[in-house]
Amino acid sequence: MTTFFAQPYDISATGFYFEDTESYEAKIGSIRNDYGDLVEEFEIQTIDGDLIDIECCKAIGINQANIIDVMLKLDEWDEYQKRNIILAVGECGYAFDAATSDPDDFDIDIYDVSSLRALAEHFVDEGLFGEIPDALQCYIDHDAITRDLGMDYTEATVAGEAVVYRCG
């Protein structure tokens with residue numbers, strides 16, 4: 001469960017914590033400032049929760065207009081979809097609307113490896129460079145492949161997990 005805080009832009013008003021759409025909707029229309037005026041504008045902050053949810057909210061840029069859609073989708077999306085959003089929107093610059101966008105539609109390649117060197121070794125092992133005889137395996141320059149991969153791929157950490165990705 002992710003905990004959010006609605007911080008009023010009006011400094012004479014007090015915000016509130018919420019964890020679901022019901023508690024948000026119940027409180028958002030009832031906050032008043034010290035002068036009795038209804039407060040209408042809030043900054044939405046992510047306070048506590050799973051690290052992947054917090055990073056996903058940061059990438060999307062939660063605000064008063066999208067918080068309900070984001071809260072509903074956070075429960076619906078799996079970790080791989082959240083990771084797609086974090087990298088595609090937060091790193092690659094894709095536009096995202098929580099109400100209409102599908103996290104599986106991004107043109108992004110993500111590999112669960114810890115470094116570009118590990119990706120280079122993976123590509124060689126998978127035969128990306130063709131069949132390499134055992135006698136020639138020791139002559140493969142993984143460092144050169146790593147440098148070449150660095151032109152298109154980037155290392156990142158998502159929710160504490162190292163990944164390598166490429167934007168399409």
Say whether the condition of being under 25 Å from residue 47 (Cα atoms), within 13 Å of the chain's Cα centre (by Cα) and among the small types (Gly, Ala, Ser) is met by at least one residue in segment 96-105.
yes
What pairs come out if I take residues in segment 106-121 that are open to solvent by less than 60 Å² (accessible area, probe 1.4 Å) and pair them with residues that are among the basic types (Lys, Arg) whose C-beta lies under 6 Å away, six or more apart or interchain?
109/166
Of the listed residues (135, 162), the one being within 30 Å of residue 78 (Cβ to Cβ) and small (Gly, Ala, Ser) is 162
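The values are calculated or read from the model by the stated rules, or taken from the named source; none is laboratory data. Keep in mind that this is a model prediction, so the values were computed, not measured. As a convention, Cβ positions derive from the backbone with ideal geometry for all residues, glycine included, and neighbour counts pool all protein chains shown. Ligands, DNA and RNA are stripped out before the accessible areas are found, and what is left, the full protein with its side chains, is counted by its heavy atoms. Shrake-Rupley method; radii C 1.70, N 1.55, O 1.52, S 1.80 Å.
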